[in-house]
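J.: Sharing a structure below in structure tokens format, with a few things to ask.
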Amino acid sequence: MKPSNQSSAGGAELTIKDVESNARTRMEKSVEDLLHDMSTIRTGRASISLLDNVRVDYYGTPTPVNQLATLHVPEAALITLQPWDVSQIGAIEKAIRSSDLGLNPSNDGKIVRVPIPALTEERRRQLVKHLHTMAENHRVALRNIRRDANDAAKKLLKDKKISEDEERRAIDEIQKLTNAHIEKIDNAAKAKEKEMMEV
């Protein structure tokens, strides 16, 4: 049996450490993606990340609004956008109005003001449902990463690169990783839901 750190003629061989490390990196990325996606869900509170997915038609190119203007939250229920190119103020206002955020911006020729209205009970429920779907999709992604890592560990065993004990230990470790990241997703979703339900 070759030592697992020796590289074969075809480049470096995958080790069980690589399998675990790769799974951890992919799981962390999945949690980060969820946190970013959740930051774009509207709560009753103003937050500039709310506009992260808004794209403005800038000379024929869909451009993120935060690349065309300075965003501020001067008060709890207001976002202001100051375009660097004032000729884009109409396009910015239109992009926000036509997004699915249900916002009604206005401008004074220099600044776009986006009041963040309080959410209705029904809208809150819809958003919470959307949040649950989002969290579940990321849990499924974590389980897929676990499956890939377990398959890689089984293949290392089959190719006699690791012992059965090492394979068992790796599968336990991958399960622990999965549990820890699912818990992160659950906690983040609970915190977001609480924020969304605050009136």
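J.: Can you work out the FRET efficiency for the pair Thr25 and Glu121, with r the C-beta to C-beta distance and R0 = 30 Å, to the nearest 0.05? Please list the in-between numbers first.
T.: Working: r = 40 Å, r/R0 = 1.35.
Once rounded, the FRET efficiency stands at 0.15.
J.: Give me Asp37, Asp172 ranked fewest to most by other Cβ atoms within 10 Å of their Cβ, as a rough exposure proxy.
T.: With the fewest neighbours first, Asp37, Asp172 line up as Asp172, Asp37.
J.: In addition: Shape of the range 60-102 from its Cα gyration tensor (a ≥ b ≥ c, root eigenvalues): rounded if a/c is under 1.5, otherwise prolate when a/b > b/c, or oblate?
T.: On the way: a/c = 2.04, a/b = 1.27, b/c = 1.60.
Oblate shape, in that a/c is at least 1.5 and b/c is the bigger or equal ratio.
J.: Taking a ≥ b ≥ c as the square roots of the eigenvalues of the Cα gyration tensor of the range 20-69, is the shape rounded (a/c under 1.5), prolate (a/b larger than b/c) or oblate?
T.: Details: a/c = 4.18, a/b = 1.68, b/c = 2.49.
Oblate, since a/c reaches 1.5 and b/c is not below a/b.
J.: I've got another one for you. Let me know the shape class of the range 120-199, please: from the alpha-carbon gyration tensor, a ≥ b ≥ c as square roots of the eigenvalues, rounded when a/c is under 1.5, otherwise prolate if a/b is greater than b/c, or oblate.
T.: Prolate shape, in that a/c is at least 1.5 and a/b is the bigger ratio.
J.: Still on this model: Straight-line reach only, C-alpha to C-alpha below 22 angstrom: list the lysines that Lys94 could link to, leaving out same-chain residues fewer than 8 apart.
T.: Lys110
J.: Quick one: net charge around His181, please, counting Lys, Arg +1 and Asp, Glu -1 for every other residue with C-beta under 11 Å from its C-beta.
T.: Values: positive: Arg24, Arg26, Lys29, Arg139, Arg143, Arg146, Lys176, Lys184; negative: Glu28, Glu32, Glu183, Asp186.
Computed value for this residue: +4.
J.: Under 29 Å from the Cα of Lys160, which lysines turn up, not counting those fewer than eight places away in the same chain?
T.: Qualifying lysines at Cα under 29 Å: Lys2, Lys17, Lys176.
J.: Taking springs between alpha-carbon atoms closer than 10 angstrom, which of Ile185, Ile92, Ile162 fluctuates most in the Gaussian network model of the chain?
T.: Among Ile185, Ile92, Ile162, the largest GNM mean-square fluctuation belongs to Ile162.
J.: At 0.36 nm per residue, minus the direct Cα-Cα distance, what do Thr15 and Ala76 gain on full extension? Give it in nm, one decimal, please.
T.: Taking Thr15 through Ala76 to full extension adds about 16.9 nm, to one decimal.
J.: Right, another one. Which one, (i) 13.5; (ii) 15.0; (iii) 11.8, gives mean projected area of the Cα convex hull in nm² as derived from the coordinates shown?
T.: Read-out taken from this structure: (ii).
The numbers here are math on the coordinates, done by the rules we state, and not lab data. Please read all numbers here as calculations on a predicted model, not as lab measurements. Positions of Cβ are generated from backbone atoms using ideal geometry, with glycine treated the same way; all protein chains shown enter the neighbour counts.
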